[in-house]
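The values are calculated or read from the model by the stated rules, or taken from the named source; none is laboratory data. Since the structure is predicted, the reported quantities are computational estimates derived from the model, not experimental observations. As a convention, Cβ positions derive from the backbone with ideal geometry for all residues, glycine included, and neighbour counts pool all protein chains shown. We work out accessible area using only protein heavy atoms, side chains counted, and drop any ligands, DNA or RNA first. Shrake-Rupley method; radii C 1.70, N 1.55, O 1.52, S 1.80 Å.
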Amino acid sequence: MNAYIGTPTSRVDGRAKVTGAAKYAGEFPAGGLVHGFVVEATIPCGRIATIDASETLKVKGVLDVLTHANRPPLADKDEAWKDEVAPEGSPFRPLYDDKIKFNGQPIALVIAEDWESAKFAATLVRVEYEQQGFATDLEGERSKAAEKDRPHKPRGDAAAALARADVRHEADYVIPTEHHNPMELYATTAIWESDGKLTIYDKTQGVQNVHKFLCTVFDKKPDDIRVVSPYVGGAFGSGLRPQYQVVLATLGALALKRSVRVVLTRQQMYGLGYRPMTIERVGLGAKSDGTLDAVTHEAIAVTSRYEDFARNDTGWAEQLYSSPNSRFSHKLVHLDVSTPCDMRAPGAASGVCALECAMDELSVALKLDPIELRLKCYSDRDQSENLPYTSKQLHECYARGAEAFGWSRRSPAPRSMRDGKELVGWGMATGVWEALQMPVAVRIVLTSNGHAEVSCAASDIGTGTYTIVAQVAADALGLPIENISVRLADSTLPQAPVEGGSWMAASSAHAVLAAAEEVRKELLGLAGKMPGSPLAGAELADTALIDGSIARADDNSRAVTIADAMRHGGVERIEKEKLNQFAEDKKHARNTHSAVFAEVRVDEELGIIRVTRIVSAVAAGRILNTKTGRSQIMGGVVWGIGMALHEETVMDHRFGRIMNANIAEYHIPVNADVHDIDVIFVDEADAHINKLGVKGLGEIGIVGVPASIANAVYHATGKRIRRFPITLDKVLD
Ligand code: MOS
């Protein structure tokens, strides 16, 4: 059954990607295609007094300039604009009215025969504003933070326990705003079909989410619009909600009755969502033996004026370590900015960073090894729900990671490890994420020549969904993987939610199993009726598909080939679609975990930090594909290096405008910043979570990495930097 599951199978879409055969949203051709270029607001709050496109319209090749004043109809009810992952509030609507809600807001779309003309002509649009007072600085507005309701249970009396603690640590950790910088720019090609219907090639993490959104926003019937997104060049959460370019391209196509493409520039992508800046206040109180007596975590996060974006920053401190007293809160500050959005391990990347830096500071105060401290408050039960885990091999992550890293050779005192001019620091941290799963439907079409097409509306955002779907289908159908073709990310295909939350591996794999079982049922019916059939009277549960045959599971030699069964039954193709729902399990908590170890080298005179080694030991149930899985973790680690040392969106609060909206000045790790990364998958058998024991890997890779590096920088330099990113000026300060 497991020829492919669990093996380092190469990406089935790898060849298409490296040869350029894979098409992305901005690459699909169409006859008579025209191009839209976005004009953005240059103030953060107010209204458009006048907008004058007369000079723009004189430019050769310009066809139209769409604004709030002349655009085709758009829905006016909030409900029509709420996509499946919208937070509470009133969603942003591009070109809806004259109101300006954030700097960089799209206010016009210039459409021309070619992109260059549209881009030039866009500079000629004259806008006059009525500006209003605004605020964009979270720290300046900290006093306005208001509690965001989230069910969390305080345990005991955290304030009293903190006050009486033998050793106490309390501090603010500041995570800046960070922006997604996927390689692929946000883009939509809206194709105007001859019958007036629209085929929308969009960069998105959820084609059915975008489809439903466009149908309500434009008051269209489901058949009028089809959304397709076969390949996504990275999205990391920024494509969970429909982004504004899909609305603009659709508006353009409806206005001109022509195919329209809108590609955002790198700079314009800074007007989309982002990881919200947060101030994370963590308090830890310990007894002198190193056990925790109090944990408090308060997060203060930015959101827009119009939506309440809030993620689980503090829940990890709530569940991870054993402590009788605890208190948590999540507060929001509404500012004149666009709504934040999910960014890889939203909530956890920030909240666990603060928690794990604080744990390191506590271990120093207790004169305890950081791993030792974590083992003293290790819990086999989720502390917030008081539930056992479906599986939790975190202690094994600590052990395996420490062993591979050589942690036992660490000399604990800061500045005690040196190599020439460089101070060497070793730090570690815990990572944690959820193991979520969602209803997904899959259709399998098996033909008598032994080929199967497996299809589903799920996206592959680069995580490897095509490949694991092919692996699981090949094993479940008993066929070579070359005989499986996978179709994904078309809104007309069977139901799938957005690809996010690390839930798609488990969700899609089990949908494939469910659909394959339906195929096997029909094959058994056909094979069982053959004269002298070795499968006569066999129960479905006692059969398996192996090597192109349906066979008795206990005796594979008693088998009928798929081809024979189908020929005998006079069947050319077997088509089955099945929606898989996971049984609800209220008796267990479901999480993935990791232990991350980092080595940094800090130039003592210049303050330059290099992350020379990372070991990430991950417990995430069964790993479906150790090759693509390792890539997921490596990508997360690289981003963790960025969070620790490089990434920060800088805003000029006098203008409410981002100053570094480009990848020259918004720093992300490049090859020179990335050295040795060792990924260890710890065996974690899980009999409770789902049939295959799969938990998902998309986000756990980043969690814990920034803290492990910050802790290593402290160990190297004796300097505790609590404001990220840790840049050399802070080291030298
Ligand atoms: Mo992920 S932030 O759920 O795409």
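Taking other residues whose beta carbon is less than 13 angstrom from the beta carbon of Asn70, and scoring Lys, Arg as +1 and Asp, Glu as -1, yields -3. The alpha-carbon of Lys586 sits under 15 angstrom from the alpha-carbons of these aspartates and glutamates, leaving out residues fewer than 8 places away in its chain: Asp382, Glu385, Glu434. Projecting label points 7 angstrom from Cα along Cα→Cβ for Asp673 and Asp157 puts them 4.7 nm apart. Most tightly packed first, judged by the mean number of other beta-carbon atoms within 10 Å of their residues, the peptides 95-107, 10-22 read 95-107, 10-22. Taking each DSSP H run with n ≥ 4 as -39500 (n - 2.57) and averaging over every residue of the chain yields -7500 deg cm²/dmol at 222 nm. Strictly over 26 Å apart at the Cα level, which of Lys82/Lys587; Lys82/Lys331; Lys58/Lys257; Lys529/Lys691; Lys23/Lys212 would you flag in this model? Over 26 Å Cα-Cα: Lys82/Lys587; Lys529/Lys691. Highest average first, the peptides 42-54, 133-145, 188-200 ordered by how many other beta carbon atoms sit within 10 Å of their residues are 188-200, 42-54, 133-145. In straight-distance terms, cross-link reach from Lys17 covers every one of the lysines whose alpha-carbon lies under 24 Å from its own, apart from those fewer than eight places away in the same chain; here that gives Lys203, Lys627.
Toward the positive end of the charge dipole of the chain, with +1 on the Cβ of Lys and Arg and -1 on the Cβ of Asp and Glu, the farthest Cα among Leu373, Met659, Val302 is that of Leu373.
Peptide packing: for 67-78, 237-248, 273-284, the average count of neighbouring Cβ atoms within 10 Å per residue gives the ranking 237-248, 273-284, 67-78, highest mean first.
Extension gain, Lys421-Leu387: 0.36 nm per intervening residue step, less the Cα-Cα distance, totals 7.3 nm. Per residue, the range 589-733 exposes 36 Å² of accessible surface when a 1.4 Å probe is rolled over the protein heavy atoms with every protein chain present. With all protein chains in place and a 1.4 Å probe, the accessible surface of the range 438-580 carries 48 percent carbon and sulfur. Taking every alpha-carbon pair in the chain and binning the separations at 20 Å intervals from zero gives 17, 46, 31, 6, 0 percent. Counting Lys and Arg as +1 and Asp and Glu as -1 over every other residue whose Cβ lies under 13 Å from the Cβ of Lys287, the net charge comes to 0.
For Lys730, a cut-off of 27 angstrom between C-alpha atoms picks up these lysines, skipping any fewer than 8 places away in its own chain: Lys367, Lys421, Lys719. When you restrict to C-alpha pairs under 8 Å that are six or more residues apart and normalise by the size of the chain, the relative contact order lands at 17 percent. Restriction of the GluC sites (Glu not before Pro) in the range 537-599 to DSSP coil positions whose beta-carbon has at most 12 other beta-carbons within 10 angstrom yields Glu539, Glu572, Glu584. What the Cβ-Cβ distance of Lys730 and Glu193 gives, at R0 = 45 Å and to the nearest 0.05, is a FRET efficiency of 0.20. Between Thr19 and Thr42, full extension at 0.36 nm per residue minus the direct alpha carbon distance yields a gain of 4.3 nm. Backbone amide hydrogens, once placed in the peptide plane, bring Lys331 within less than 5 Å of Lys148, Ala299, Ile300, Ala301, excluding anything fewer than 5 places away on its chain.
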